[in-house]
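Contents: one structure, followed by commentary.
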Amino acid sequence: MTPTEINWPVALRATDSGEQAAAMRALRDVLHHGLRIALSSRGDVSEAHLEDFVQESLIRILDRLDQFQGRSKFTTWAQAIALNTAFTELRRKRWQDVSLDALLADGERLAEPGMMAEDVLGAQEDRQHLVAVLREAIEHELTPKQRAAILGELREMPFDQIVELLGTSRSAAYKMLHDARRALKQRLQAAGITGTDIQNAFNL
Amino acid sequence: MKPPDQQLTSAQVGSVLKMLALTTERELNCSECLQHVGEFAETRLASQPVDAVMASIEQHLALCPECREEFEALMTILQAGQ
């Protein structure tokens with residue numbers, strides 16, 4: 001039977017252990033093949049990593065079977081979960097030793113001349129003005145935890161790592177980050193800065 | 001351990017400013033995006049028009065580099081299977 005012919009939610013819930021095991025093996029192959037394609041260009045993913053990602057993904061997929069609404073192919077839904085599992089782990093490894101205090105100290109350095117690369121400040125006055133307003137807003141408009149969350153985002157820290165640093169739930173961290181972004185956006189708007197200004201200044 | 005000890009680049013500052021410009025009152029979070037991103041990927045692959053839910057996924061992907069990275073990887077897998 002090919003992956004497109006399997007009724008996955010039924011097969012994975014089958015009381016017949018043989019049928020369920022066969023579905024698990026087939027899904028394992030699908031996920032392994034997909035992750036191999038998606039991660040082939042990375043030098044930091046070994047065959048053992050792939051196996052771990054597939055195992056962890058299978059557990060998560062079985063836990064969430066009730067959430068599959070049939071609005072996409074089952075294998076697409078499952079691949080999305082597998083990719084999320086793999087990338088979350090790869091990002092976590094990169095950031096695992098960063099502390100909240102270190103991130104906040106990073107924020108205190110925002111105003112230091114050496115903090116911004118030359119290409120940020122450059123020669124453009126509009127870009128310098130934008131960065132100055134952003135710095136001032138991060139310093140004055142946010143709570144310490146909101147500031148840490150935004151600085152994490154500025155440093156391209158993964159969301160799961162920000163959640164861990166803040167010591168809160170994903171939903172609380174998301175709200176904190178969303179509130180912080182809204183506060184900063186309002187400050188930029190109050191300074192007369194528009195989305196077009198940002199796009200023009202940074203060639204976005 | 002300190003955060004990566006490098007200067008903030010134009011791309012980093014620009015991407016946060018872009019995020020601020022795109023921020024709206026109501027947004028999907030990453031879990032909600034993950035729940036629907038498969039459907040969004042298939043819709044995109046079939047070049048079909050997006051409905052309101054799919055538009056909110058698109059907005060989240062514009063804001064969230066992690067979900068965007070995973071979406072692009074998903075598209076790579078789906079395209080390889082075509």
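Calculated FRET efficiency, residue A:67 to residue A:125, Cβ-Cβ distance, R0 = 51 Å: about 0.50 to the nearest 0.05.
Applying 0.36 nm per residue to the separation of residue A:179 and residue A:14 and subtracting their alpha-carbon distance, the gain on full extension is 54.9 nm. Extending 7 Å from the Cα toward the beta-carbon at both residue B:50 and residue A:104 defines two label points whose distance is 3.8 nm. Computed extension length for residue A:186-residue A:132: 17.9 nm, one decimal, from 0.36 nm per residue of separation with the Cα-Cα distance subtracted.
Between residue A:142 and any residue 5 or more places off or on another chain, the built amide H atoms are never under 5 Å apart. What the Cβ-Cβ distance of residue A:171 and residue A:89 gives, at R0 = 35 Å and to the nearest 0.05, is a FRET efficiency of 0.95. Ranking of A:15, A:2 by solvent-accessible surface, largest first: A:15, A:2 (1.4 Å probe, protein heavy atoms only, all chains present). Helix screen, chain A: no DSSP H segment has Cα axial length of 18 Å or more and mean Kyte-Doolittle hydropathy at least 0.5. These residues, A:135, A:25, A:71, go from largest to smallest accessible area, 1.4 Å probe, as A:25, A:71, A:135.
Quote the convex hull volume per residue of the protein assembly as shown, based on C-alpha atoms, as a whole number of Å³. Intermediate values should be presented prior to the final figure.
Working: hull volume 42.1 nm³, N = 286.
That works out to 147 Å³ per residue.
The values are calculated or read from the model by the stated rules, or taken from the named source; none is laboratory data. Quantities reported herein were computed from a predicted structural model and do not represent experimental measurements. Here Cβ is always computed from backbone atoms with ideal geometry, including for glycine, and neighbour counts include all displayed protein chains. Each accessible area value is taken on the protein alone, full model and side chains, heavy atoms only, with ligands, DNA and RNA left out. Shrake-Rupley method; radii C 1.70, N 1.55, O 1.52, S 1.80 Å.
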